[in-house]
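Q: Sending over a structure as structure tokens; questions will come in a sec.
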């Protein structure tokens, strides 16, 4: 099982025999330079930047599969250097597919949960998402007086 940059190990389910996990590194907003010799390479496969109708962009490893007697695209979205569970898209939903090298995919991957579509974010392991209190502007309203009724 690979190790994350912080030394913790993590396993993500692999439903299509594609990849199950990779090494996690600091996000792209970090001011620290990442020495690529210290970063584990992404698993072998075809990577792309996928644009779907509905203003959705995914970056990850893909392959063509047949489900329900039709050809579909299986893509493992890349998030924080981890390949997530497989998501399937029909050909009619694809606006643009740009094949790329794994390192290009790594550079263009989302680094924050809000950059993922809600259906994919719902399946991201909790260890990859920050606690709600880590988001700017978060307030749990614990100091509010619950007896007051807002007007």
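Q: Exactly one of (1) in contact with a strand residue (DSSP E or B) (Cβ under 9 Å, 6 or more places away or on another chain); (2) closer than 23 Å to residue 114 by Cβ; (3) at pLDDT 90 or above is unmet by residue 65. Its number?
A: Answer for residue 65: the failing condition is (2).
Yes/no matrix, rows are residues, columns are (1) surrounded by fewer than 10 Cβ atoms within 10 Å (Cβ to Cβ); (2) at pLDDT below 85:
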| position | (1), (2) |
| --- | --- |
| 108 | no, no |
| 111 | no, no |
| 118 | yes, no |
| 125 | no, no |
| 131 | yes, yes |
| 136 | yes, yes |
| 141 | yes, yes |
| 144 | no, yes |
| 149 | yes, yes |
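Q: When both residues are 6+ apart or on different chains and their Cβ atoms are under 6 Å apart, which pairs have a first residue that lies in the stretch 75-96 and is over 21 Å from residue 111 (Cβ atoms), and a second that is modelled with pLDDT of 95 or more and not in a strand (DSSP E or B)?
A: none
Q: Read through the list (1) in contact (Cβ under 8 Å) with a residue 12 or more places away in the chain; (2) surrounded by fewer than 18 Cβ atoms within 10 Å (Cβ to Cβ); (3) closer than 23 Å to residue 125 by Cβ; (4) out of contact with any helix residue (DSSP H, G or I) (no Cβ under 8 Å at 6 or more places or on another chain), then give the number of the only condition that residue 41 fails.
A: Evaluating residue 41 over (1) in contact (Cβ under 8 Å) with a residue 12 or more places away in the chain; (2) surrounded by fewer than 18 Cβ atoms within 10 Å (Cβ to Cβ); (3) closer than 23 Å to residue 125 by Cβ; (4) out of contact with any helix residue (DSSP H, G or I) (no Cβ under 8 Å at 6 or more places or on another chain) leaves (4) as the failure.
The values are calculated or read from the model by the stated rules, or taken from the named source; none is laboratory data. Bear in mind that the values here come from a model prediction, so they are computed numbers and not experimental data. Backbone-built Cβ (ideal geometry, glycine too); neighbour counts: all protein chains shown.
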